[in-house]
Amino acid sequence: MPLPPDPATPLPPDPEVFREVFGRFATGVAVITSSGPSGSGGMTANALCSLSLDPLLALVCFENRARTLPIVREAGRFGLNILRTGQEDVARVFASKLPEGEKLEGVDHRLEAGVPVIDGALAWAACELRELIAGGDHTIAIGEVVALGLGTGDPLLWYEGRYHSLPLTRDRR
Ligand SMILES: Cc1cc2nc3c(=O)[nH]c(=O)nc-3n(C[C@H](O)[C@H](O)[C@H](O)COP(=O)(O)O)c2cc1C
């Protein structure tokens, strides 16, 4: 039987180990959407966070090859849709390389503050693009929040390369 890895032994700082390390950072799952003059699109993302309360800012990291990035750049705004348990199929569509225009066509959504909001999302935010910052093979997009919404349900989770759902302990904070 292989021995468990010794946490005290440093591993090489290579992309495989990097992926494994960050794969242990359990996150929610979101879809970043946008709609502009040359079309609409979206991508599944977990590299996002709240950035500032005053002003209200959120950030998302786009792989430079993500087709959603030029749509966001052109539209100057993006939507952040936090998915709930049961929306794995939505996450898979937006993680795919389906023709960009077809992704939103197949998913029920509406426009809020100029950005596509996916029906049934656990929560959403509409952001106006404020800054794009280079970060290696990714681009960090900072957006100012102009509208917010809350849905119902439990979060869809991503951990060690798989979708999960949790029995939540709602009475403890
Ligand atoms: C759970 C999950 C999280 C992801 N997070 C990101 C992310 O934060 N940034 C990113 O650029 N791609 C992320 N991806 C990969 C994109 O969803 C994928 O490359 C997608 O095809 C991009 O679509 P697009 O080319 O239509 O923009 C993630 C994929 C999954 C399954």
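Filtering the stretch 121-173 to residues that are acidic (Asp, Glu), in a loop (DSSP other than H, G, I, E, B) and open to solvent by 80 Å² or more (accessible area, probe 1.4 Å) leaves 137, 160, 171. With respect to being within 11 Å of the ligand (Cβ to nearest atom) and not charged (D, E, K, R), residue 71 fits the description.
Among the residues of the stretch 42-74, those that are over 13 Å from residue 145 (Cβ atoms), open to solvent by 30 Å² or more (accessible area, probe 1.4 Å) and either more than 8 Å from the chain's Cα centre (by Cα) or hydroxyl-bearing (Ser, Thr, Tyr) (or both) comprise 44, 61, 63, 64, 65, 67, 70, 73, 74. When 70, 155, 116 are checked against the criterion of being closer than 15 Å to residue 34 by Cβ and in contact with a Lys or Arg (Cβ under 8 Å, 6 or more places away or on another chain), 116 stands alone in meeting it. Residue 63 meets each of the listed conditions (1) more than 18 Å from residue 117 (Cα to Cα); (2) more than 12 Å from the ligand (Cβ to nearest atom); (3) not hydroxyl-bearing (Ser, Thr, Tyr) apart from (2). For beta carbons closer than 9 Å, sequence separation of 6+ or different chains, a first residue in the stretch 24-41 that is open to solvent by 30 Å² or more (accessible area, probe 1.4 Å) and a second that is of a type in the set (Asp, Glu), the qualifying pairs are 24/160; 26/160; 37/74; 38/74; 40/100; 40/105. Each residue in the stretch 89-120 was checked for being in contact (Cβ under 8 Å) with a residue 60 or more places away in the chain, within 13 Å of the ligand (Cβ to nearest atom) and surrounded by fewer than 17 Cβ atoms within 10 Å (Cβ to Cβ), and 1 pass.
Under the condition of being of a type in the set (A, V, I, L, M) and more than 10 Å from residue 59 (Cα to Cα), the residues counted in the stretch 116-144 number 9. Taken over the stretch 74-92, the residue count meeting the criterion of being closer than 14 Å to residue 107 by Cα, among the aliphatic types (A, V, I, L, M) and assigned to a helix (DSSP H, G or I) is 2.
The values are calculated or read from the model by the stated rules, or taken from the named source; none is laboratory data. Since the structure is predicted, the reported quantities are computational estimates derived from the model, not experimental observations. Because the Cβ atoms are built from the backbone with ideal geometry, glycine has one as well, and the counts that use them run over all protein chains shown. Note: areas computed on protein heavy atoms with side chains; ligands, DNA, RNA excluded. Shrake-Rupley method; radii C 1.70, N 1.55, O 1.52, S 1.80 Å.
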